[in-house]
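Asker: Before I ask anything, here is the structure I am working with.
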Amino acid sequence: MTSVATEKKPRGPTEEATVSLQRSLYDPGYVNAMSHFYRGEMGRIMVWRQRLDMTTNWAITSSTAIITIAFSTRQVPHIIFFFNLAIVWVLLWIEARRYRFYDAFRARVRMLEAHFLVPMVMENRDLLQGEWKKLVCEDLILPCFKISKLEAVGRRLKRNYIFIFILIIVAWITKIFLHAEHAMDSVGGFYRSLRVGTIPSWLVAFIFVGTLITVITITIYVSKKTSGEISEFGTHRSLWRI
């Protein structure tokens, strides 16, 4: 048997960091801890997901009840839809606040999926690395929201609430046409029909038009500024080296 002498070259800082990363990625204790961490974060975002669905169900249920009451009898004034809009706006604000918490925890889950699960599945240690561990640790020490309140409101409007607002506005207009006290053969007749008791027509029209413009503006603005939770199929697929 012959022995061959080999020269041991000193490893540089980059090579030592790579070897340390390769060892930690497949270390049983590390994988077990990260698996439990991922499972815990998934359970947390599912709880917030259920809270989002709960407020949406409240908005749909309250709108359905008010619309049913409004069309049940002629004596019910159409101003009842103003209270419907107020209830939906409050629920939208509550849901946007809950969505910010949901999005903050969802960001951790997505980071674990992209930088831990993908390399494990692909068996490629160099895939999608970087300082993601540092970012996760910083977020655990100092949690913070990932989106603003306006963006959260816009996302929920885009996903669900814009359809609820449109339904309320359509029902409001239908109620005015069906149970109007005056003939509406012109725009002026429709404007006069907006008056309810001592509430002037201009105030009702302002609430009506203001709500419509606000909903459309926020939805369009947020749609252009962000892509939401999930992008369309094929978007930025070239950035993923898989």
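Asker: Can you pull the one-decimal nm distance between simple spin-label points at W93 and L150, each 7 Å off the Cα toward Cβ?
Answerer: Each label point lies 7 Å from its Cα, and together they span 1.7 nm.
Asker: What ranking, highest mean first, results for peptides 153-165, 198-210 when packing means the other Cβ atoms within 10 Å averaged over each residue?
Answerer: Going by the mean number of other Cβ atoms within 10 Å, highest first, we get 153-165, 198-210.
Asker: Compute the length gained on full extension between I141 and R110: take 0.36 nm times their separation in residues and subtract their Cα-Cα distance, giving the result in nm to one decimal.
Answerer: 9.4 nm
Asker: Okay, moving on. Take the Cα atoms of region 97-195, build their convex hull, and give its volume per residue in Å³.
Answerer: In region 97-195, the Cα hull volume divided by residue count equals 159 Å³.
Asker: To check my understanding: the extent here is largest minus smallest coordinate of the Cα atoms along each principal axis. What are those three numbers for region 35-96, in Å, largest first?
Answerer: So the extents along the principal axes, rounded to whole Å, are 61, 18, 6.
Asker: With a 1.4 Å probe and every protein chain kept in, tell me what percent of the accessible surface of region 23-123 is carbon plus sulfur.
Answerer: 66
The values are calculated or read from the model by the stated rules, or taken from the named source; none is laboratory data. Remember, it's a predicted structure, so these values are computed and weren't measured experimentally. Note that each Cβ is placed from the backbone with ideal geometry, even for glycine, and that neighbours are counted across all protein chains shown. Calculation scope for accessible area: heavy atoms of the full protein, side chains included, ligands and nucleic acids excluded. Shrake-Rupley method; radii C 1.70, N 1.55, O 1.52, S 1.80 Å.
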